[in-house]
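The next block holds one structure in the form of structure tokens; read it before the comments.
The values are calculated or read from the model by the stated rules, or taken from the named source; none is laboratory data. Quick caveat: nothing in here was measured; it's all calculated off a predicted structure. Cβ coordinates were reconstructed from backbone atoms using ideal geometry, including for glycine residues, and neighbour counts include every protein chain displayed.
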Amino acid sequence: MHPTLASTLWKNPASPYARGALLAVAGSVLLAISAKIQVPFYPVPVTMQTFVVLSIGMLFGWRLGGATILLYLAEGCAGLPVFAGTPEKGIGVAYMMGTTGGYLVGYLFSAVMVGFLAERGWDRDIWKTVAAMILGNIVIYSFGLLWLGILLGWNKPILEWGLYPFVLGDILKVGLAATVFPAVWRWISGKSV
């Protein structure tokens, strides 16, 4: 087991529970902000939401990462406008049962899986970080596409609607993660020498 970036950067807090609560709230706020900011991109605008979901797992580990995503989902379920397109496209449970519901569930499982891998050192090496982020995206898309198929019908162009438009943006986000996380660990190692 390896320490997470969050526990390495914030060592020996007065209360580990207070640190965890503060990080979970901060992570859920960052996730809500990332859902609202759209970057013009081809073929569809891109948000940084999946990058933030996967980064929360890498930064916090599987337990705190999962708790952070659960907090975010609970905020959305309670009717707070934290999801992309809210409140314009609805809020609360009604929004969560719509076409993005599977992706939202996938966020939880993805953050837990990526956090599990980070606790085993996968965030310290470029190629392992790439692999962890790709696996995390596969989890998100698996839940999202499954839900789209169930909701809209398998005779619809599910992959054209729910996968293909986002692949190029996700490749760039994986590259960003593969650059950032190992670099931070190298910086930390250099400081501790």
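Quick notes
- Selected residue (only one of THR100, THR179 is among the hydroxyl-bearing types (Ser, Thr, Tyr), surrounded by 14 or more Cβ atoms within 10 Å (Cβ to Cβ) and under 28 Å from LEU64 (Cβ atoms)): THR100
- Of the residues making up region 123-165, those that are out of contact with any Asp or Glu (no Cβ under 9 Å at 6 or more places or on another chain), within 17 Å of GLY61 (Cα to Cα) and in contact (Cβ under 8 Å) with a residue 40 or more places away in the chain are ASP123, ARG124, ASP125, VAL130, GLY136.
- Qualifying residues in region 153-193 (those that are β-branched (Val, Ile, Thr) and more than 18 Å from the chain's Cα centre (by Cα)) - the one farthest from GLY106 (Cα to Cα): VAL193
- Residues of region 65-97 satisfying the condition of being assigned to a helix (DSSP H, G or I), among the aromatic types (Phe, Trp, Tyr) and touching a residue at least 40 places away in the same chain (Cβ under 8 Å): TYR72
For every residue, the table says whether it meets (1) assigned to a helix (DSSP H, G or I); (2) aliphatic (A, V, I, L, M).
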| site | (1), (2) |
| --- | --- |
| VAL112 | yes, yes |
| PHE116 | yes, no |
| TRP122 | no, no |
| LYS128 | yes, no |
| ILE134 | yes, yes |
| VAL139 | yes, yes |
| PHE143 | yes, no |
| GLY169 | yes, no |
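- The test for being of a type in the set (Asp, Glu), assigned to a helix (DSSP H, G or I), farther than 21 Å from MET1 by Cβ and out of contact with any Ser or Thr (no Cβ under 6 Å at 6 or more places or on another chain) holds for GLU160.
- Count - residues of region 1-39 that are under 16 Å from THR86 (Cβ atoms) and either assigned to a helix (DSSP H, G or I) or among the aromatic types (Phe, Trp, Tyr) (or both): 8
- Tally, over region 1-53, of residues that are among the polar types (S, T, N, Q), under 26 Å from ARG186 (Cα atoms) and modelled with pLDDT of 90 or more: 5
- Residue within region 133-146 that is buried (at least 20 other Cβ atoms within 10 Å of the Cβ), in contact with a Phe, Trp or Tyr (Cβ under 9 Å, 6 or more places away or on another chain) and at pLDDT below 95 present: no
- Hey, GLY57 in a helix (DSSP H, G or I), closer than 15 Å to GLU75 by Cα and touching a helix residue (DSSP H, G or I) at 6+ places or on another chain (Cβ under 7 Å) or not: no
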